[in-house]
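Worksheet for the structure shown next.
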Amino acid sequence: MAADGLRVLFCGINPGLMSAATGHHFARPGNRFWPALHASGFTPRQLRPDEERELLEYGLGITNVVARATAKASELSDAEFREGGRVLTAKVELLRPRWLAVVGVTAYRVAFGDRGAAVGPQERTIGGTRIWVLPNPSGLNAHWTPATLAEEFGRLREAADRAAGA
């Protein structure tokens, strides 16, 4: 699928078992990615995982740091994350989105060797692409409520809108 002109390329950690079975990102019922995307204003309605291709209509894309499916992200090795970071960097260099949004601060820290990274915009860039780390929207991440997830996604949306001159 063509991805020229992406405002934001969202990047999950890796496919969960439900996502691997369905072939769609953030497919597990209860994952808060799709609700946060909508509540933050990125999409005019809440998309279902099987509607992920519609993201392109809004200048958005979606990928993962690591391609291997697991029941939990903790099953991935640091080496897999580092290799995923290299592959993701090449993908970003090719697609050149305005923003790369990595969904999961721990995944970002390991994949990019940035142990001090926190949620929010990062100093690091990939070419002209800015990076924003978002909290993991898994229901297991109880530190972030649906409202605070939507707020953080909204901060990124506002930055992406400013960058696009919207």
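Just a yes or no: is a residue in region 110-122 surrounded by 14 or more Cβ atoms within 10 Å (Cβ to Cβ) and touching a residue at least 40 places away in the same chain (Cβ under 8 Å)?
yes
Just one of Arg109, Arg130, Arg115, Arg124 is assigned to a loop (DSSP other than H, G, I, E, B) and farther than 23 Å from Gln46 by Cβ; which is it? Give the steps one after another, and end with the answer.
Working: Arg109 fails: assigned to a loop (DSSP other than H, G, I, E, B); Arg130 fails: assigned to a loop (DSSP other than H, G, I, E, B); Arg124 fails: assigned to a loop (DSSP other than H, G, I, E, B).
Of the residues listed, the single one that is assigned to a loop (DSSP other than H, G, I, E, B) and farther than 23 Å from Gln46 by Cβ is Arg115.
For region 67-105, enumerate the residues that are closer than 18 Å to Asn31 by Cα, assigned to a helix (DSSP H, G or I) and in contact (Cβ under 8 Å) with a residue 40 or more places away in the chain.
Ala73
Which of the following residues is among the polar types (S, T, N, Q) and open to solvent by 20 Å² or more (accessible area, probe 1.4 Å): Thr63, Thr148?
Testing whether each residue is among the polar types (S, T, N, Q) and open to solvent by 20 Å² or more (accessible area, probe 1.4 Å) leaves just Thr148.
Just for region 5-27: of the residues that are touching a residue at least 60 places away in the same chain (Cβ under 8 Å) and either more than 19 Å from Val105 (Cα to Cα) or in contact with an Asp or Glu (Cβ under 7 Å, 6 or more places away or on another chain) (or both), which one is surrounded by the most Cβ atoms within 10 Å (Cβ to Cβ)?
Leu6
Matching residues to (1) among the small types (Gly, Ala, Ser); (2) at pLDDT below 95; (3) open to solvent by 10 Å² or more (accessible area, probe 1.4 Å):
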| residue | (1), (2), (3) |
| --- | --- |
| Gly104 | yes, yes, no |
| Tyr108 | no, no, no |
| Arg124 | no, no, yes |
| Ile131 | no, no, no |
| Leu134 | no, no, no |
| His143 | no, yes, yes |
| Glu152 | no, no, yes |
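The values are calculated or read from the model by the stated rules, or taken from the named source; none is laboratory data. None of the values given here were measured: they were computed from a predicted structure. Virtual Cβ from ideal backbone geometry, glycine too; neighbours counted across all protein chains shown. Quick note on the areas: whole protein, heavy atoms, side chains included, nothing else; ligands and nucleic acids left out. Shrake-Rupley method; radii C 1.70, N 1.55, O 1.52, S 1.80 Å.
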